[in-house]
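Q: Mind looking over this structure? Questions follow.
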Amino acid sequence: MNSSQLCLAETFTDQGLNFKVDQGDLAFDPSGIKSRFLDLEKPCFLVPQGDGLGVGSTSSSGAPGSGLKAVAWAPAFAAEHLGDPGFKRDHGVRYCYATGAMANGIASEAMVIAMGRAGFLGSFGAGGLVPSRVEKAIVTIQEALPHGPCAFNLIHSPNEPAIERDVVALYLKYRVRCVEAAAFINLTRNIVYYRVAGLSRDDNGGVVIKNRVMAKISRNEVAARFLAPPPEKIVAQLVHEGLVTREQAALAARVPMADDITVEADSGGHTDNRPLVSLLSSVIALRNRVQEQEAYEKTVRVGAAGGIATPEAAFAAFAMGAAYVVTGSVNQACVEANASEHTRNLLAQADMADTAMAPASDMFEMGVKLQVLKRGTFFPMRAQKLYDLYTTYSSLDAIPPEEMEKLEKQIFRKPLGTVWQETVAFFRERDPGQLERAQESPKKKMALVFRWYLGLASKWSNIGDNDRKLDYQIWCGPCMGAFNAWVKGSFLEEVNNRRVVDVALNIMTGAAYLNRLMVLKSQNVVVPPELTGFAPRQF
């Protein structure tokens, strides 16, 4: 057996295939075989010749006449066929693939619109933005995609509940029909209100769900909350306030909180660094148990995110039962992202070991961390220094003078008094309640001052502040390095060629190609290494 030859394993037994292939349609050379394998819109049939196999794409299905009998085959299976058909139907897309909502508008209007026009689901990164900015994005995206598909992020904001409330009000006002719920530990009144306010009854008594929720989770206990119906206590309060009807409250008991649950593994940004192979299977098993108990009319779909940046990763997720996949880090390196050229260049150079965990601005006081790029920036260690000071001292005044001098010189690069004035101006517009609490608590005031740096570090990265390049906060997972290794030598290696639709099509087409090879391998076909890779190509 030649290791570089497409052939059958010695243990192969005749499967009784009733396909015959015209000899003139066959390819026996590696290039011809690869071309037929890549033609995913057509089936492929393998016939023996000597010790090897040839590949054709037409069959007479056993009709009388000349032809060579196929010993293995794979059906037509394009990228559109991966995943759960229900995901495509409910979201109005062609592919079971979505771009996640990277906060601060990194997942921009341009990104969502480009994805939607190509038949993918894009989610706008509303996290960290004030409601007026989110409103502009809604108007822009809905004008470009009046019938979708699109989604908008709803990030849990325990330190800024007014922001979360006002964003939900905008989503209801503009009839935003899909939100990507992120960073929720417990269900809040806001997310429950959004869900229940979109319920109605059809002519047959069934439940119509207009407001779809994609819940991004990384823990089973959080997944369980989104798999359960909306909490009765919160629903009852919404009825009491006249925000939802009694009929909607009754219907709420018949539906889960989410239509889709995205299992987020080792991702950029907020992450528990969980391995996808363990977390995905665990959540799918949990979903199955809940469905058996609740007997929902529609089963909650489970998708995969965190580490999805290559065809192999996407194929593995689908093979494990993911209904759809979601990408993040790789999209930030694309031209549609609201990220500076310097940031995108750093991402394009990243290796898998070039990430670190750092304190998160939005949940700083809770000790929550997020994953960021450490290549070319001091942000991770400077952010950690601030958190160490926060946990060590009770107030800014308690910090030793020598430490304070380092802070003002190296990190803030201005007097802390000036930083506090800017912080006051920021929260006076965004969430005045934060300032009220800071006046009562020196510890809270210290947290807000330190969050000044953490919050602006992401903005500096987005706008490309040259004076702050060493302080860029760039959310990034290890999969960025895997992506860079995969595209090396292809047109996607050049950062200015990276477009979200091209990335999506290549990941999904590559995954479909790998699925074809797996079908053949299950029939004891030995595929040589040179045929197993999928190189990025222009569509």
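The values are calculated or read from the model by the stated rules, or taken from the named source; none is laboratory data. These numbers were taken from a predicted model, which means no experiment stands behind them. No Cβ is skipped: glycine too gets one built from the backbone with ideal geometry, and neighbour counts run over all protein chains shown.
Q: Which of the numbered conditions does residue 511 fail, given that it passes all the others? Conditions: (1) modelled with pLDDT under 95; (2) buried (at least 21 other Cβ atoms within 10 Å of the Cβ); (3) not basic (Lys, Arg).
A: Just one mismatch for residue 511, condition (1).
Q: Next question. Do we find that residue 125 is within 22 Å of the chain's Cα centre (by Cα), of a type outside the set (D, E, K, R) and either more than 27 Å from residue 512 (Cβ to Cβ) or crowded, with 23+ Cβ neighbours inside 10 Å (or both) in this structure?
A: yes
Q: When both residues are 6+ apart or on different chains and their Cβ atoms are under 6 Å apart, which pairs have a first residue that lies in the range 151-175 and is assigned by TED's automatic domain parsing to the domain that holds residue 104 and at negative phi, and a second that is modelled with pLDDT under 95 and among the aromatic types (Phe, Trp, Tyr)?
A: These pairs meet every condition: 156/184.
Q: Would you please list the contacts, defined by Cβ atoms under 7 Å and residues six or more apart or on different chains, that run from a residue in the range 27-46 that is more than 18 Å from residue 71 (Cα to Cα) to a residue that is loosely packed, with under 15 Cβ neighbours inside 10 Å and of a type outside the set (A, V, I, L, M)?
A: Within 7 Å, the pairs are 30/530.
Q: Hey, among the residues in the range 221-237 that are within 22 Å of residue 293 (Cβ to Cβ) and exposed (fewer than 15 other Cβ atoms within 10 Å of the Cβ), which one's nearest to the chain's Cα centre (by Cα)?
A: 221
Q: Here is a further query. Among the listed residues 222, 176, 208, 192, identify the single one that is β-branched (Val, Ile, Thr) and farther than 29 Å from residue 268 by Cα.
A: After applying the criteria, what remains is 208.
Q: Hey, residue 457 hits all of (1) modelled with pLDDT of 95 or more; (2) of a type in the set (A, V, I, L, M); (3) farther than 23 Å from residue 335 by Cα but one; which does it fall short on?
A: (3)
Q: Tell me, which residue of the range 51-76 that is more than 19 Å from residue 30 (Cα to Cα) and crowded, with 18+ Cβ neighbours inside 10 Å is modelled with the highest pLDDT?
A: The qualifying residue modelled with the highest pLDDT is 68.
Q: Tally the residues that are more than 14 Å from residue 148 (Cα to Cα), at pLDDT 95 or above and either among the acidic types (Asp, Glu) or touching a Gly at 6+ places or on another chain (Cβ under 6 Å) (or both), restricting the search to the range 103-124.
A: 3
Q: Take residue 151 and decide whether it is of a type outside the set (Phe, Trp, Tyr), touching a Phe, Trp or Tyr at 6+ places or on another chain (Cβ under 9 Å), surrounded by 21 or more Cβ atoms within 10 Å (Cβ to Cβ) and farther than 18 Å from residue 303 by Cβ.
A: no
Q: I need a count of the residues in the range 238-275 that are in a helix (DSSP H, G or I) and surrounded by 15 or more Cβ atoms within 10 Å (Cβ to Cβ).
A: The total comes to 6.
Q: In this structure, is residue 213 within 21 Å of the chain's Cα centre (by Cα), at pLDDT 95 or above and either surrounded by 20 or more Cβ atoms within 10 Å (Cβ to Cβ) or not assigned by TED's automatic domain parsing to the domain that holds residue 297 (or both)?
A: yes
Q: Return yes when residue 282 is among the hydroxyl-bearing types (Ser, Thr, Tyr), surrounded by 22 or more Cβ atoms within 10 Å (Cβ to Cβ), touching a residue at least 24 places away in the same chain (Cβ under 8 Å) and not assigned by TED's automatic domain parsing to the domain that holds residue 458 and no when it is not.
A: For residue 282, the condition - among the hydroxyl-bearing types (Ser, Thr, Tyr), surrounded by 22 or more Cβ atoms within 10 Å (Cβ to Cβ), touching a residue at least 24 places away in the same chain (Cβ under 8 Å) and not assigned by TED's automatic domain parsing to the domain that holds residue 458 - is not met.
Q: Output the qualifying pairs, or none if there are none: Cβ atoms under 6 angstrom, residues six or more apart or on different chains, first residue in the range 448-474 and more than 14 Å from residue 346 (Cα to Cα), second residue assigned to a helix (DSSP H, G or I) and of a type in the set (Gly, Ala, Ser).
A: These pairs meet every condition: 448/438; 454/383.
Q: Right, another one. Before we move on, is residue 291 out of contact with any strand residue (DSSP E or B) (no Cβ under 8 Å at 6 or more places or on another chain) and among the polar types (S, T, N, Q)?
A: Numbers: out of contact with any strand residue (DSSP E or B) (no Cβ under 8 Å at 6 or more places or on another chain): yes; among the polar types (S, T, N, Q): yes.
Against the criterion (out of contact with any strand residue (DSSP E or B) (no Cβ under 8 Å at 6 or more places or on another chain) and among the polar types (S, T, N, Q)), residue 291 qualifies.
Q: Looking only at the range 402-438, filter to residues that are touching a residue at least 40 places away in the same chain (Cβ under 8 Å) and not in a helix (DSSP H, G or I); which one of those is nearest to residue 467 (Cα to Cα)?
A: My answer is 412.
Q: Then there's this: Restricting attention to the range 95-111, report how many residues are surrounded by fewer than 24 Cβ atoms within 10 Å (Cβ to Cβ) and farther than 10 Å from residue 128 by Cβ.
A: 2
Here's the yes/no breakdown for (1) crowded, with 19+ Cβ neighbours inside 10 Å; (2) of a type outside the set (D, E, K, R); (3) not in a helix (DSSP H, G or I):
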site: 330; (1), (2), (3): yes, yes, no
site: 345; (1), (2), (3): no, yes, no
site: 376; (1), (2), (3): no, yes, yes
site: 380; (1), (2), (3): yes, yes, no
site: 384; (1), (2), (3): no, yes, no
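Q: Considering only residues that are part of a loop (DSSP other than H, G, I, E, B) and closer than 19 Å to residue 103 by Cα, which ones fall in the range 347-366?
A: 360, 361, 362, 363, listed by residue number.
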